1. From the list 402, 324, 348, which residue is under 26 Å from residue 231 (Cβ atoms) and not hydroxyl-bearing (Ser, Thr, Tyr)?
2. Just give me the residues in region 16-48 being of a type in the set (A, V, I, L, M) and under 25 Å from residue 120 (Cβ atoms), in sequence order.
3. Say whether the condition of being in contact (Cβ under 8 Å) with a residue 40 or more places away in the chain, charged (D, E, K, R) and open to solvent by less than 20 Å² (accessible area, probe 1.4 Å) is met by at least one residue in region 135-142.
4. Does any residue of region 268-281 turn out to be open to solvent by 30 Å² or more (accessible area, probe 1.4 Å) and either in contact with a His (Cβ under 7 Å, 6 or more places away or on another chain) or modelled with pLDDT of 95 or more (or both)?
5. May I ask you to list the residues in region 356-366 that are outside any loop (DSSP other than H, G, I, E, B), surrounded by fewer than 24 Cβ atoms within 10 Å (Cβ to Cβ) and either touching a residue at least 24 places away in the same chain (Cβ under 8 Å) or among the polar types (S, T, N, Q) (or both)?
6. For the subset of region 6-36 comprising residues that are of a type in the set (Ser, Thr, Tyr) and surrounded by fewer than 24 Cβ atoms within 10 Å (Cβ to Cβ), which member is modelled with the highest pLDDT?
7. Scan region 203-227 residue by residue and report those that are open to solvent by less than 10 Å² (accessible area, probe 1.4 Å) and more than 21 Å from the chain's Cα centre (by Cα).
8. Do we find a residue being at negative phi, among the polar types (S, T, N, Q), touching a Pro at 6+ places or on another chain (Cβ under 6 Å) and at pLDDT below 95 anywhere in region 302-315?
Amino acid sequence: MRILFTTYPERTHFLLLAPLAWALRTAGHEVRVAVQPKFADVVTQAGLTAVPIGTDRDLWQYLGRLKEMAHAKKEWTEEWTGSKEVGWPTPYAAAEWEPEDVDWDYLRNGYELQIGQWHKQSNVPMISSLVEFAQSWQPDLVVWEPTTYAGAIAAKACGAAHARLLIGADVYGITRDHFLRLTAERPEDDRADPMADWLGSYARKYGFDFTEELITGQFTIDMLPPSLRMRANLNYLPLRYTPYGGPAVVPKWLSTPPERTRVAITMGLTVTDRAVGYPVDVQDLFDALGDLDIEIVATIVEEEQKKLARIPDNIRPVPYVPLQALLASCSAVIHHAGVGTLATTALQGLPQLSLPWDVDQPALAERLAAQGAGLAVHAAKATGEAVRENLLRLLNEPSFVQGAARLREEFLAMPTPNELVPRLEELVAEHRGDG
């Protein structure tokens, strides 16, 4: 088969897609990854074949999130989030609400807002070039990041099967379920649908009809285990997360076992890639943890390290270290509840202290704590004292080790990328009519 992956240029999202692309390639299929030109090097560094398409456009610049994220603890734009709190932008915050609390006008207005300031910015630079490539190359399957709707348009334009590969909780599918449910209750002459209008214009341009597939795919690949996942009324395929953080070198000091209990602190790759600052006060955390009889390895970029007035003797700050290699020597992890970090920690069977901040991080952290695999303190409340208190609980209460072991088993019960490949082959065959 020919399989085409595509995503807008967000490195952490691509890193989640890469292991499945490898599995399909090693199974003998031809795999290409279509991305904007400036992102091609990220793809080739992962050992995959890049196809530059469209024009370069930085979504973060258009959204103005660089400045906003840097000051998110103090202030957030109500236009982006629909509230004063950091989290999912309107309308996707509704995915975490009770059905009776969701308002149709909020969803419709939210879709209109995000189409203009988010989805068009991510997709319009890619669509025409991606469709042209897909029609020329004729992939059998297109796998797309869940807001890279250009992938669904290209798949329909060339007749390929296609799937979303989630990068976290499926708030997009759940929000769409809410919208369709509430739309059906409205008068037929008052059912405005901004997403259908926008994507439908491309459907008509390329000779097919709009269907919900353009928003939620023919099927969806989900890397979250049962206790963490958030799903819509859609067709899902589970996939075990495979740790991959990009090209890396394991430092020599990691080959020596730690003399004391080791704890890792990481707040993820996005703040590093975008230089937007951390959502917690790093100095406050270091001061609160500095007298503990433990070793702490903290991944802090050099620019942020320079801002620190003091670094306690028990803390080793490093700009970056391969997370999977580091965690093999750790007893607990403090992190931001990003999917990649959370899943890598879970696969090591380690208790986790989550300091969530943005998008689905608070929801995942809450589910993680409910599973008994860790504790959660929102980043806005993550004082050094609070982090110290909760970390000591993780290290001293055996129940968290037991909860972490249960969560690890949940992840291990999911099919690996290699094990998912035959099912994808079956779905493509069914789509072609020869299954």
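The values are calculated or read from the model by the stated rules, or taken from the named source; none is laboratory data. In this text the structure is predicted, and so the values were computed from the model without any measurement. FYI the Cβ positions are ideal-geometry reconstructions off the backbone, even for glycines, and counts take in every protein chain you see. Just the protein is used for accessible areas: all its heavy atoms, side chains included, with ligands, DNA and RNA removed. Shrake-Rupley method; radii C 1.70, N 1.55, O 1.52, S 1.80 Å.
1. The match here is 348.
2. Within region 16-48, the first condition is being of a type in the set (A, V, I, L, M), and the residues that meet it are 16-18, 20-21, 23-24, 27, 31, 33-35, 40, 42-43, 46, 48.
Selection gives 16, 17, 33, 34, 35, 40, 42, 43.
3. Let us first name the residues in region 135-142 that are in contact (Cβ under 8 Å) with a residue 40 or more places away in the chain, namely 137-142.
Okay, now just the ones that are also charged (D, E, K, R), so 140.
Next cut, open to solvent by less than 20 Å² (accessible area, probe 1.4 Å) only: none.
No, region 135-142 contains no residue that is in contact (Cβ under 8 Å) with a residue 40 or more places away in the chain, charged (D, E, K, R) and open to solvent by less than 20 Å² (accessible area, probe 1.4 Å).
4. Kept after step one, since they are open to solvent by 30 Å² or more (accessible area, probe 1.4 Å), are these residues of region 268-281: 269-270, 272-275, 281.
Narrowing further to those that are either in contact with a His (Cβ under 7 Å, 6 or more places away or on another chain) or modelled with pLDDT of 95 or more (or both): none.
The answer is no, given that none of the residues of region 268-281 is open to solvent by 30 Å² or more (accessible area, probe 1.4 Å) and either in contact with a His (Cβ under 7 Å, 6 or more places away or on another chain) or modelled with pLDDT of 95 or more (or both).
5. Result: 362, 363.
6. Looking at the filtered set, the residue picked out is 26.
7. Of everything in region 203-227, just one residue is open to solvent by less than 10 Å² (accessible area, probe 1.4 Å) and more than 21 Å from the chain's Cα centre (by Cα), namely 203.
8. Within region 302-315, the subset at negative phi is 302-315.
With among the polar types (S, T, N, Q) added as a condition, the list becomes 305, 314.
Imposing the further condition that a residue be touching a Pro at 6+ places or on another chain (Cβ under 6 Å) reduces the set to 305.
Adding the requirement that they be at pLDDT below 95 leaves 305.
Yes, region 302-315 contains at least one residue that is at negative phi, among the polar types (S, T, N, Q), touching a Pro at 6+ places or on another chain (Cβ under 6 Å) and at pLDDT below 95.
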